[in-house]
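A.B. asks: Below you'll find the structure I mean.
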Amino acid sequence: MKKQRRRVSQACQFPYALKALPDVLAQKWDHPEFEPYRNAFPPEYRTSPEQFKAHVEDLTARDVKIACWSCKLANNIRRNSDLFSCRISSDLLTGYLWQSGYESHAYVTPLYSDVAPHLELWRSTGFDLATYSSGSVFAQKLLFQYVQKSRDTSETIDLRPLISAWFDTTNAGPKTEMGSYRVIATALGLRCEETLFLSDNVKEIDAAHEANMPAIVVHREGNAPLPANAHDRYTVVASLAEIEIGGSKSAKIDDRFWKR
């Protein structure tokens with residue numbers, strides 16, 4: 001029997017991290033490399049590093065969405081609508097800061113201890129893995145590229161080779177809409193019924209279920225409380241170690257993942 005490859009899609013939540021901004025402004029304010037990002041902002045906010053930093057912090061406080069757009073797309077939008085100018089400028093800068101911050105080891109990606117071993121296990125036994133997040137594909141790849149090897153070291157490992165496909169709200173759609181999960185399954189060459197989705201957000205789990213996609217709530221310590229009836233409506237786990245996917249010759253996902 002030919003083994004069927006399936007994807008396990010895991011949701012991630014990205015913090016809006018601008019930890020690298022002060023150092024970047026101090027070191028590269030007048031550097032040609034930083035010039036396109038600085039000049040993407042309105043003139044009144046690039047009169048000085050201090051003014052620039054204050055403006056970016058204000059955008060952050062108002063929760064301007066991260067989405068690392070390409071420069072070409074950003075320029076096209078900027079020419080046609082002032083409405084997007086601040087958002088696109090912030091998005092481009094954020095992508096640059098993420099990359100700069102990770103490459104300089106200003107920060108790394110900490111994972112729960114069960115995550116990497118189980119991603120490696122699932123991948124090695126023939127399952128394809130995909131990520132789907134409200135953070136951009138660009139940011140997702142940075143997160144997986146600079147995973148902290150252990151909690152007592154800043155040494156990193158690159159987990160990108162484990163991931164076969166990357167999805168965000170740009171190429172798949174909003175995470176709480178049923179149609180997004182159908183888009184993902186189609187892109188993966190699968191039926192929704194063949195794809196297992198993991199998330200800590202029950203609204204996303206509901207959307208996946210509406211698309212007939214099996215889904216599991218991964219509820220970690222410190223997460224927002226689940227609804228009172230969550231354990232009756234969903235399959236809930238506290239660790240990836242609790243998830244048992246069919247054996248190497250099985251094309252069936254355990255029925256318990258369909259718990260509503």
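The values are calculated or read from the model by the stated rules, or taken from the named source; none is laboratory data. Computed from a prediction, not measured in an experiment: that's the story for all the values here. Virtual Cβ from ideal backbone geometry, glycine too; neighbours counted across all protein chains shown. The area values use the complete protein model at the heavy-atom level, side chains included, leaving out ligands, DNA and RNA. Shrake-Rupley method; radii C 1.70, N 1.55, O 1.52, S 1.80 Å.
A.B. asks: Collect the residues in the stretch 128-140 that are open to solvent by less than 30 Å² (accessible area, probe 1.4 Å) and of a type outside the set (Val, Ile, Thr), keeping them in residue-number order.
C.D. replies: Passing the criteria: ASP128, LEU129, ALA130, TYR132, SER133, GLY135, SER136, ALA139, GLN140.
A.B. asks: Looking at (1) surrounded by fewer than 16 Cβ atoms within 10 Å (Cβ to Cβ); (2) in a loop (DSSP other than H, G, I, E, B); (3) not β-branched (Val, Ile, Thr), which is the only condition GLU120 fails?
C.D. replies: Unmet condition: (2).
A.B. asks: Among the numbered criteria (1) closer than 30 Å to TYR102 by Cβ; (2) surrounded by fewer than 18 Cβ atoms within 10 Å (Cβ to Cβ); (3) of a type in the set (Asp, Glu); (4) at pLDDT 95 or above, which one does GLU155 miss?
C.D. replies: Condition not satisfied by GLU155: (4).
A.B. asks: Another question about this same structure. Might you let me know whether the stretch 223-231 holds any residue that is assigned to a strand (DSSP E or B) and either without any contact (Cβ under 8 Å) to a residue 60 or more places away in the chain or surrounded by 17 or more Cβ atoms within 10 Å (Cβ to Cβ) (or both)?
C.D. replies: no
A.B. asks: I'm trying to understand the selection: among the residues of the stretch 178-201, which are within 22 Å of VAL137 (Cα to Cα) and free of Cβ contacts under 8 Å to residues at least 60 places away in the same chain?
C.D. replies: Residues satisfying the conditions are MET178, GLY179, SER180, TYR181, ARG182, VAL183, ALA185, THR186, ALA187, GLY189, CYS192.
A.B. asks: I would also like to ask the following. Hey, among LEU162, LEU190, LEU196, LEU143, which residue is over 22 Å from ILE245 (Cβ atoms), open to solvent by less than 40 Å² (accessible area, probe 1.4 Å) and hydrophobic (A, V, I, L, M, F, W, C)?
C.D. replies: Only one candidate qualifies: LEU143.
A.B. asks: Write out, first by first residue and then by second, each pair whose Cβ atoms fall under 7 Å of each other, whose residues are 6+ apart or on separate chains, and whose first residue, in the stretch 160-171, is modelled with pLDDT of 95 or more while the second is surrounded by 15 or more Cβ atoms within 10 Å (Cβ to Cβ) and among the acidic types (Asp, Glu).
C.D. replies: SER164/ASP128
A.B. asks: Considering only residues that are surrounded by fewer than 15 Cβ atoms within 10 Å (Cβ to Cβ) and of a type in the set (Gly, Ala, Ser), which ones fall in the stretch 165-187?
C.D. replies: GLY179, ALA187
A.B. asks: Return a yes/no flag: does the stretch 145-164 have any residue that is within 21 Å of GLU204 (Cα to Cα) and aromatic (Phe, Trp, Tyr).
C.D. replies: No, the stretch 145-164 has no match at all.
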